[in-house]
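Here the structure is laid out as structure tokens; the discussion comes afterwards.
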């Protein structure tokens with residue numbers, strides 16, 4: 001159980017670091033993590049995520065590799081999640097761009113005993129239903145609604 005808590009702490013640190021682009025703190029010397037996202041290679045946002053997660057992993061002696069479907073194809077993402085789970089890393093950090101498409105692969109990884117944290121897309125509720133330890137991100141609907149309300153209040 002203590003090992004699971006430590007892994008959860010590292011995954012949370014990496015996930016927050018990846019999302020915010022800053023270093024996290026945890027104990028994970030030698031552990032291997034994989035961050036899987038849905039965006040194509042052309043999406044530059046993920047460079048910031050990669051830099052933050054890499055720095056966080058380096059700071060705790062872990063390694064993190066990054067995988068994504070080069071063209072953003074979700075069927076490819078499912079295969080990437082399945083292949084990664086077969087490798088049995090110490091943890092997986094993954095986005096949920098479409099829970100119907102990628103959910104089964106995430107559930108399978110959890111069933112294999114791999115700690116999973118979801119980031120960026122999806123919701124905390126979806127993450128919990130899939131068996132992930134936690135979700136780091138905001139619901140897109142709520143973010144869009146809030147932005148619209150602020151824009152309206154500002155007269156934009």
Please compute the length gained on full extension between residue 76 and residue 59, using 0.36 nm multiplied by the number of residues separating them and subtracting their Cα-Cα distance. 3.0 nm
Enter the Cα centre distance for the pair the range 45-67 and the range 102-156, rounded to the nearest angstrom. 20
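How high is the FRET efficiency from residue 125 to residue 51, r the C-beta distance, R0 41 Å, rounded to 0.05?
0.90
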Tell me, in nm to one decimal, what length is gained between residue 149 and residue 66 on full extension, where the rule is 0.36 nm per residue of separation less the Cα-Cα distance? 26.3 nm
With bins of 10 Å, the percent of all Cα-Cα pairs of the range 18-156 per bin from 0 is 12, 40, 34, 10, 3, 0
What is the fewest-to-most order of 133, 74, 35 by other Cβ atoms lying within 10 Å of their Cβ? 74, 133, 35
With each label point set 7 Å from Cα along the Cα-Cβ vector, what nm distance links residue 138 and residue 44? 2.2
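What is the fewest-to-most order of 66, 141 by other Cβ atoms lying within 10 Å of their Cβ? Mind showing how you got there, number by number?
Values: 66 16, 141 9.
The most exposed by this proxy come first: 141, 66.
FYI, it's all coordinate maths here, none of it is from the lab. Note that this is a predicted model, so its numbers are computed, not measured. Cβ coordinates were reconstructed from backbone atoms using ideal geometry, including for glycine residues, and neighbour counts include every protein chain displayed.
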